[in-house]
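For reference, the structure is listed below as structure tokens.
The values are calculated or read from the model by the stated rules, or taken from the named source; none is laboratory data. Predicted, not measured: the structure shown is a model, and the values here were computed from it. All Cβ positions, glycine included, derive from the backbone under ideal geometry; neighbour counts span all protein chains shown. Only protein heavy atoms, including side chains, enter the accessible area calculation; ligands, DNA and RNA are left aside. Shrake-Rupley method; radii C 1.70, N 1.55, O 1.52, S 1.80 Å.
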Amino acid sequence: MSEHILEVEHVTKEFPGVRALDDVSFSVRRGEVHCLCGENGAGKSTLVGVISGIYAKGEYDGTVLFKGEQAQFRSIRDSEKQGLTVIHQELALSPYLSIYENIFMGHRRHRFGIIRWDDLLIASRPFLKRVGLDENPETIVSKMGVGKQQLVEIARALSKQTELLILDEPTSSLNDDESEKLLQLILELKKEGMSCIMISHKLNEVLEVADSITVLRDGRSICTYDTHTQQVTKAMIIKGMVGRDLTSMYPEKTASIGPTVCTVRDWTVYHPEYHQMKVVDQASFDVRKGEIIAFCGPMGAGRTELMMSLFGKSYGSSCSGEMTLHGKKLELRSPHEAIERGIGYVSEDRKELGLILIQTVRDNISNSSLRKLSRLGVMDTYREISEAEKYRESLKIKTPTIMQLVRNLSGGNQQKVVLSRCLLADPEIFIVDEPTRGIDVGAKYEIYTILNQLASEGKSIIMVTSELPEALGMADRIYVMNEGRIKGVLDRQEATQEQIMHMALS
Amino acid sequence: MGNSQQQEKRLTFFQLAKDNIRNYSMFLMLALIFIVFSILTGGVNFTSRNITNIFIQNSYILILAVGMVLVIIIGNIDLSVGSVCAFTGAISAMLYNTGMGLIPTLILTVIAGAAIGVFQGFWIAYAHIPAFIVTLAGMLLFRGLTYIITNVTPISLSDDDFRTITSGSISFESLDRGGLHLFALIIGALLAGLYVYFAFRSRKNRIKREFEVLPVRYFLLKMGFFILLTGTLSYKFADYRGIPTVVVVLSLVIAVFVFITKNTVIGRYIYAVGGNAKSAKLSGIDADRVIFIVHVIMGALAGLAGLVFTGYMNSALPQAGNLFELDAIASCFIGGASASGGIGTIIGAITGALVMGVINNGMSLMNIGADWQYVVKALVLLLAVYYDIYTRRKAGLG
Ligand SMILES: Nc1ncnc2c1ncn2[C@@H]1O[C@H](COP(=O)(O)OP(=O)(O)OP(=O)(O)O)[C@@H](O)[C@H]1O
Ligand SMILES: [Mg+2]
């Protein structure tokens, strides 16, 4: 038995117009946690695809050795049979099935083709206990938060006798608490002998769990660090990722805050299905000109629901309360009206709600501004193209052309496309829901710079974030929400992580 | 990314042709089928008379396919178009028989079709009933109404003028030379000239702005193809009776809707809503209204198709339009539209409809009955869609 569970040697993978992987080599020892770091579009997810058989042998050059043997996977199913499980960047549970059905999906035990659901229900319990998920196995997964869904995915992996678990940005949609739990779980599984590859843009987490770290840049493996033999720092990783030093995480901001622009009073939102249930309860807040405010709180606090409901009633069965813009009462019945009145919204769910995956980068960027880019209903194609090119350049969207389909972009670059769409619509109040989800450190800095610049131009920014350091580094004021209520507000100077947590739980 | 850009410049002509095979594979298929039938019929299907006939015999399906592809792009389906054709066809005959003349009849029939579209569009877009169900109901409803207003007997037309809309042709005797209707050639040349002019102008503009353009060879090939096509068609028309009136109607419809889907805001809305309705809504697009408008357009085009079919039969039949919806839907899928919405083109749907038309026509020329025509069309539909899905998956479009 070889020391390495996985060896990747000289792998090259090309897409039309893009070389996603260029002579990548690295190896994972048995029982270690190996982290992959790299900028958006560096090729991390593609590498996972090569290892796990999404790209079959022959679609790439180079060799992949799994458990010492040349991998011949032709699909995910093949690799799962051999004990390799991938949890993808975008979750892949079946949303309307229950927890235990999802756990045994694709490898149901059956006798003569008949599934014994009761047996499965019982069989699922130990796995749920193992991952620390305290839920009825019959719960429908879409009714749970992303964090819990993530745990179901891991339970599913455990039920399949996984030897090598690959997690592609597992914590990007979790809050700090949930992330911490997940990392602990990974460390425990490691003790039990499982090997693990984890991709993450959160370098703190990487340093916490990694035994070794491989850095990718522009599709090439730059270097591998061993955290046991050398002292690895964030700066070292970042330098490998972007090829230069990055001195600070948050750009300097000179706030020039003006009068109040928008107020929200007693905003209450009811659940889309259970019409009596309040998802947001009497939320009141206001935003001033040139100000960045952040909404913090645990998952399920009602932040996204509040924002979507404000954005032209895009969420909930009904809502009540009052919203004013420049002192005038605002009645928005649709997102269309909201955008017309100068409100922009970047959704946290870019795949379902932010983008049209089968359309090109250009189409996606202009989708909110088609009227602006047209004359008498006829598109001004030249202007459209130059606007799209402008954002591709200023946000450094990594794509061979603006006519590339958005679905072929890496996760982080897709996020930049959503941002571009909202920026092009030129809103006065910019609601950004988890704007830096799945975005690398360098690009984060760029996005923060853009937000700051918008603020200095007199725009107001409402930021929903699960990353407390981000809120502390960016916001002028921080609203803390929990269980549908606004629990309080903190000024930039006085806010600390402990205070925010404390306020949320009070 | 440095190396990706370099790579792009190095794209050769053949690579580009290979990468884009999806975009023109249906033209190749149409040409291939046409050639096969030319061989099988000993060239009969390439005669001027037959070319004209193919257009006349399929005109109403072509018109329906234009509307249907829009419906399919927004992710819906319309099963009612056959019945709507019968109903509007009957209405057009009744209107014409009052003696109001052809143009008012045409306008009123299209309006009647649009009104039906408003009715169905309302239930689909605003009452949120699946289009499949609404138009299934519409299929029954309008068939029933057709029987009621016609008393289940054909309505014959008061004079023969009506049929000119379908089977008539445009030519000027003063321009006829040696058995050729020169007018058709002049129009063909004009169209080709305009195409070349606009293609060059747009290319120059794009280069000036440093936008990407097709490689020269590819560009010229495309242009040559278009000139060849218009040239052949106009020659064939000139050789027989001149430009068929229905081809003029058809060209106008196609031109208008190609323009709408490619260059207008509403066209972009249609693709956006079809691609992902939730996202489109959050991008500020009024998805319900877009869906409504598309069904109104479909209704209006079904009205036009009903009128053209009445002209073709020279009377309004209560059983008219039977299975038209299936031909129209099949055309769209053969032409590369995706059943899950967001993907499809007018030109594709037209090509698909012509593929079916050429098969029908060729087999009729060979005296093969309707039974085998169904079998062959079914197989072509399956193979075409399989090929489409296969190449799409290979291109990483899932
Ligand atoms: N199917 C595809 N077709 C064309 N290009 C692709 C395809 N899939 C990925 N790419 C390109 O390959 C490169 C690497 O993408 P990949 O998804 O591996 O990045 P990543 O490192 O996972 O980034 P992120 O951190 O943003 O998730 C990107 O430039 C992307 O645009
Ligand atoms: Mg990725």
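Each DSSP beta bridge with both residues in the protein assembly as shown is either parallel or antiparallel, and the antiparallel ones are about 60%. Mean silhouette area of the range A:33-103, derived from the convex hull of its C-alpha atoms and averaged over all directions, reads 6.3 nm².
Between A:Arg288 and A:Val261, the built amide H atoms are under 5 Å apart, and every one of these is 5 or more places off in sequence or on another chain. Entry for the range A:4-242 at q = 0.16 Å⁻¹: log10 I(q)/I(0) = -1.16, Debye formula applied to identical alpha-carbon scatterers, no solvent contribution. Could you tell me the center-to-center distance, by alpha carbons, between the range A:356-409 and the range B:269-313 in angstrom? That distance is 24 Å. Which FRET efficiency, nearest 0.05, do A:Lys129 and A:Ala92 yield, Cβ-Cβ r, R0 25 Å? With a Förster radius of 25 Å, E is 0.65. Split the accessible area of the range A:4-242 by element, probe 1.4 Å, and carbon with sulfur accounts for 48%.
Counted as membrane-span-like here are DSSP H helices of chain B whose alpha-carbon atoms extend 18 Å or more along the helix's own axis and whose Kyte-Doolittle mean is -1.0 or above; these are B:21-40, B:48-73, B:81-97, B:102-121, B:131-150, B:182-208, B:216-239, B:245-263, B:287-313, B:346-365, B:370-394. Interface burial in the range A:341-370, defined as at least 20 Å² less accessible area with all protein chains than with the chain alone at a 1.4 Å probe, covers A:Glu352, A:Leu353, A:Ile356, A:Ile358, A:Gln359, A:Asn367, A:Leu370. A:Lys372 contributes about 100 Å² of solvent-accessible surface, heavy atoms of the protein only, 1.4 Å probe. Note on B:Leu229/A:Glu192: beta-carbon distance plugged into 1/(1 + (r/R0)^6) with R0 of 60 Å gives a FRET efficiency of 0.30. Remark on the protein assembly as shown: Rg and Dmax equal 31.1, 98 Å (Cα only). Once the 1.4 Å probe is applied to the protein heavy atoms, the protein assembly as shown comes out at 44 Å² accessible per residue. Rg and Dmax of the range A:350-426, based on Cα coordinates, read 11.4, 36 Å. Which stretch or stretches of the range A:86-101 have amide N atoms under 15 Å from the point lying 7 Å from A:Trp117's Cα along the Cα→Cβ direction? Of the residues in the range A:86-101, A:96-101 have backbone N under 15 Å from the label point off A:Trp117.
Computed about the Cα centre, the dipole magnitude for the range A:344-476 is approximately 520 debye when only Lys and Arg (+1) and Asp and Glu (-1) carry charge, each at its Cβ.
Rolling a 1.4 angstrom probe over the range B:164-283 with all protein chains present gives an accessible area of which 69% lies on carbon and sulfur atoms. Work out the FRET efficiency for A:Val378 and A:Gln497 from their Cβ-Cβ distance, taking R0 = 41 Å, and round it to the nearest 0.05. Here the calculated transfer efficiency is 0.20. Residues of the range B:251-288 whose accessible area, computed with a 1.4 Å probe over protein heavy atoms, drops by at least 40 Å² once all protein chains are present relative to their chain alone are B:Asn263, B:Val265, B:Arg268, B:Tyr269, B:Asn276, B:Lys278, B:Ser279, B:Leu282, B:Ser283, B:Gly284.
Working from label points 7 Å from Cα in the Cα-to-Cβ sense, the A:Thr224 to B:Val256 distance is 6.6 nm. Within chain B, the longest run free of trypsin sites (Lys or Arg not before Pro) that sit in a DSSP loop with at most 13 other Cβ atoms within 10 Å is B:11-208. Once A binds B, the 1.4 Å probe can no longer reach about 3300 Å² of accessible area, counting both sides.
Paramagnetic label reach from B:Phe200 (point 7 Å along Cα→Cβ; backbone nitrogen cut-off under 20 Å): within the range B:214-238, residues B:214-231.
The Kirkwood radius of chain A, taken over pairs of alpha-carbon atoms, gives through the Stokes-Einstein law at 37 °C and 0.692 mPa s a diffusion coefficient of 136 µm² s⁻¹.
For the Cα trace of chain B, dividing Rg by the Kirkwood Rh returns an Rg/Rh value of 0.98. Once you reduce the range B:192-266 and the range A:304-328 to the center of their Cα atoms, the two points are 48 Å from each other.
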